[in-house]
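A short worksheet on the structure shown next.
The values are calculated or read from the model by the stated rules, or taken from the named source; none is laboratory data. Note that the structure is predicted; figures quoted are calculated from it, not measured. In this analysis, Cβ positions are derived from the backbone assuming ideal geometry, glycine residues included, and neighbour counts consider all displayed protein chains. Surface areas here come from the heavy atoms of the whole protein model, side chains and all, with no ligands, DNA or RNA. Shrake-Rupley method; radii C 1.70, N 1.55, O 1.52, S 1.80 Å.
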Amino acid sequence: MNRVRKMVMLALIISQALVLHLIEGFIPVVAPGIKLGLANIMTLVTLVLYGFKEALMVVVVRSVLGSLLSGSVTAMLYSLAGGILSCLAMGWLYFRWRAYFSIIGISTAGAIFHNIGQLLVASWVFGTIGILFTYLPMLTVAAAGTGFFVGLTSGYIIKYLREQKWFKWERG
Amino acid sequence: MKMPMKIGDLAVYLFAVVLIAIGLMGVYAMGTQGGGKSVVVELDGREVYSCRIYKGMAPVEFRVDAGNGKYNVVSVTYEGVKVKEANCPDQVCVKSASIRYAGQAIVCLPHRVVVRITAGHEETPDVDDIAS
């Protein structure tokens, strides 16, 4: 795939991630901090179809732009910390231990580490580690559920894209 | 399409269970280390009111006078702390959900009032100077 095609595809992926990020903001949450993690779908797709560097780029650009459009500077901090940690975890699992993990497992791990990243920032901002402990159990249960469905969705998207004739890629 | 679960996925869910256990143990450890929680009200960065929160406490309600007739009425119960009433223009503090965990805070920017819950009775750390 030539550079321009790749750039256009990444731009499309980022804009889709951005839209998912914003739509997510409209969905009411049952408890503070619990989100569906829809934007993670696009991160996972990029990770599998393009590679780690590209996925990290998608996460960073999506977090920064998404926070500028919907939230505050603090929201950007949370979003970046969660996204980057989650991307690192998923990249590590996918490129080192692919044989042992399905896409669902990788997605769930990403969701869990997204929460850990956000909670670490929250603990730092509020100056107490207590937040981490109080929210960790609830958020981890939520992550196990949302991570499963995000993984399922990503799997279908990746399968679909790989079957398309117009979608020629240089990486497996 | 087949997306079979693999052995590593089990490890991920096991990791989740471990994390939940760590969280619950952490909460338990903090709950038993004594000290408990207090609610602290700051006006313009100065502490103007503080009160301990403990099980079985009688509900407390007090009025924070922010000068020039500006006021916030804060209600404190064991179940949560909230701003019950205020005459600030945006009413963000009144609409905020009640808080109950250490580290949470309700901020009224127009009146420069911060209601926060702290762990124990030590002085609040120097971070989040939101109101000043």
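Taken along the Cα-to-beta-carbon direction at a fixed 7 Å, the label points for residue B:7 and residue A:7 span 4.5 nm.
Counts of other chain beta carbons within 10 angstrom of each beta carbon in peptide B:22-28 average 5.
List, in the order given, every pair from A:159/B:6; B:37/B:82; A:35/A:159; A:165/B:6; B:37/B:70; A:6/A:159 whose Cα-Cα distance in the structure shown is over 21 Å.
Working: A:159/B:6 18 Å; B:37/B:82 15 Å; A:35/A:159 25 Å; A:165/B:6 29 Å; B:37/B:70 27 Å; A:6/A:159 18 Å.
Over 21 Å apart, Cα to Cα: A:35/A:159; A:165/B:6; B:37/B:70.
Using unit Cβ charges (K, R positive; D, E negative) and no other charged atoms, how large, in debye to the nearest 20, is the dipole of chain A about its Cα centre?
Value, rounded to 20: 660 debye.
Exposure check, 1.4 Å probe, all protein chains in place: residue A:163 carries approximately 120 Å² of accessible surface. Measure nothing but the geometry: give the 0 to 90° angle between the long axis through the Cα atoms of A:3-26 and the longest principal axis through the Cα atoms of chain A, rounded to 10°. The angle comes out at about 30 degrees. Using R₀ = 35 Å, calculate the FRET efficiency as 1/(1 + (r/R₀)^6) where r is the Cβ-Cβ separation of residue A:23 and residue B:44; round to 0.05. Efficiency at R0 = 35 Å is approximately 0.35.
Relative contact order, whole percent, for chain A stands at 24, derived from Cα pairs under 8 Å and 6 or more residues apart.
Between residue B:22 and residue B:87, what's the calculated FRET efficiency when r is the beta-carbon distance and R0 is 41 Å? Round to 0.05. All intermediate terms of the calculation are to be shown ahead of the outcome.
Details: r = 44 Å, r/R0 = 1.08.
Rounded to the nearest 0.05, the efficiency is 0.40.
The ellipsoid equivalent to the alpha-carbon distribution of chain A has semi-axes of 27, 18, 14 angstrom, derived from the gyration tensor eigenvalues as √(5λ) and listed largest first. Rounded to the nearest 20, the Cβ-based charge dipole of the protein assembly as shown about its Cα centre (Lys and Arg +1, Asp and Glu -1) stands at 1440 debye. You can think of it this way: the chain between residue A:74 and residue A:99 has 5.2 nm of extra reach, that is 0.36 nm per residue less the Cα-Cα gap.
Shown is the FRET efficiency for residue B:65 and residue A:164, computed with R0 = 51 Å from the Cβ-Cβ distance and rounded to the nearest 0.05: 0.15. For residue B:84, the residues 5 or more places off, or on other chains, whose built amide H falls under 5 Å of its own are B:73, B:74, B:75. Once every Cα of the protein assembly as shown carries one equal point scatterer and solvent is ignored, give the base-10 log of I(q)/I(0) from the Debye formula at q = 0.11, 0.13 Å⁻¹, two decimals. Computed log10 I(q)/I(0) values: -0.75, -0.94. In this simple spin-label model, placing a label point 7 Å from the Cα along the Cα-to-Cβ direction at both residue B:52 and residue A:53 gives a separation of 6.0 nm. Annotation for the A:B interface, with buried accessible surface near 2400 Å², both sides summed [1.4 Å probe; non-protein components not counted].
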